[in-house]
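Notes follow the structure.
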Amino acid sequence: MTSPTNSTSSPKLPSNTLYDRLKLTALILLPAIGALYFGLAQIWGWPAADKVSGTVSVLEVFAGVAVAWLKSIYSASGAQYDGELSWVDHDEGTALHLTRIDLHALENKGEILLRIPARRE
C-alpha cells in the first residue's frame, strides 16, 4: 500500500498487533484488574487495596497516553489511507480522480479509506 503523504522520514510505527495489544491492555485489562482486586480486597480483607488499585490506575493512564501518542503518529503519517481522491477540472465541470493507490493491495479488502485533499482554486 502506498501512502499519499510525502516520502520524508517518519518515526517507525509499531506493528498493528503491538498497538492492538497495548490498546486492549489500557482500555480493558488494566481497569478490569484494578476493579477486580479492589472489590475482592474489600470482600476478603486482602492487603493494600487502595495502593494496588492506585498503582493499576497509574499504569492505565500511562498506557492510555502511549496509545494516544502512537495513534497521533499513525494518523500524521497518512498510512491509514489506501489512496486519495484529487480534484480534476474539465470543460464540463470538476471530477474526482483516484490516485496513489495500490490496486493489488485492495484485492481482498472489503472497504477502503481514501484521503480527499483540499481543493486548490
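Annotations
- Condition check for Val65: within 24 Å of the chain's Cα centre (by Cα), at pLDDT 85 or above and within 22 Å of Ser15 (Cβ to Cβ): yes
- Scanning region 47-104 for residues that are small (Gly, Ala, Ser) and farther than 27 Å from Ile33 by Cβ gives Ser75, Ala76, Ser77, Gly78, Ala79, Gly83, Ser86, Gly93, Ala95.
- For region 33-73, filtered to residues that are surrounded by 13 or more Cβ atoms within 10 Å (Cβ to Cβ) and among the β-branched types (Val, Ile, Thr), the residue that is nearest to Ile112 (Cα to Cα) is Ile73.
- Checking region 9-32 against the condition returns a match, with at least one residue being loosely packed, with under 12 Cβ neighbours inside 10 Å, at pLDDT 95 or above and either more than 11 Å from the chain's Cα centre (by Cα) or outside any helix (DSSP H, G or I) (or both).
- Note on region 74-121: among residues that are among the polar types (S, T, N, Q) and part of a loop (DSSP other than H, G, I, E, B), the one that is farthest from Leu18 (Cα to Cα) is Asn108.
- Region 92-121, subset over 10 Å from Asp82 (Cβ atoms) and of a type in the set (D, E, K, R), residue modelled with the highest pLDDT: Glu92
- Exactly one residue out of Asp91, Asp82 is more than 30 Å from Thr25 (Cα to Cα) and not basic (Lys, Arg): that is Asp91.
- Within region 97-111, the set of residues being surrounded by 12 or more Cβ atoms within 10 Å (Cβ to Cβ) and among the basic types (Lys, Arg) comprises Arg100 only.
- First in region 91-118 and over 21 Å from Ser75 (Cβ atoms), second anywhere and of a type in the set (S, T, N, Q) and assigned to a strand (DSSP E or B), Cβ under 6 Å, 6 or more apart: His97/Ser86
- Selection status of Ala76, exposed (fewer than 14 other Cβ atoms within 10 Å of the Cβ) and touching a residue at least 40 places away in the same chain (Cβ under 8 Å): yes
The values are calculated or read from the model by the stated rules, or taken from the named source; none is laboratory data. Note that the structure is predicted; figures quoted are calculated from it, not measured. Note: ideal-geometry Cβ built from the backbone for every residue, glycine included; neighbour counts use all protein chains shown.
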